[in-house]
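The values are calculated or read from the model by the stated rules, or taken from the named source; none is laboratory data. These numbers come from a predicted model, not from an experiment. We place every Cβ from the backbone using ideal geometry, glycine too, and count neighbours over all the protein chains shown.
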Amino acid sequence: MPARTPLTSDEKLRAEANFVPLVAEHLTTSGRFRVSADTPELVEMFQNVAHSVGELLGRPVVSYANGRYMVITFAEPTEPTELTSAVARPLDR
């Protein structure tokens, strides 16, 4: 198997920026995005992409990796807890 050349910092930033709209589109149309991510470098890059997509869409996004593939999808909605409810509403004064 040929050795892979690691991405430069600039290449990582450009790749993440270019994947964000693609992943966002896949999430909004099909609910998930699956990609081959068989190195720690690719897993880290797509975790960053998932984080950026969540911020872009204003929804929680999660990513799962198994050493061969990574799946990015929306997080399951959870019931608000007292802590999140208290943070979400203004304090009564």
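Where in the chain are there helices (runs of 4 or more DSSP H), lying fully within it, with 2 or more residues that are modelled with pLDDT of 95 or more and either surrounded by 15 or more Cβ atoms within 10 Å (Cβ to Cβ) or among the basic types (Lys, Arg) (or both)?
The qualifying helices (runs of 4 or more DSSP H) are 9-30, 40-57.
Enumerate the pairs (first residue in the stretch 43-69 and over 14 Å from residue 19 (Cα atoms) and without any contact (Cβ under 8 Å) to a residue 12 or more places away in the chain; second residue anywhere and outside any helix (DSSP H, G or I) and not hydroxyl-bearing (Ser, Thr, Tyr)) with beta-carbon separation below 7 Å, excluding pairs fewer than 6 apart on the same chain, so at least 6 apart or on different chains.
Every condition considered, the pairs that remain are 64/70; 64/71.
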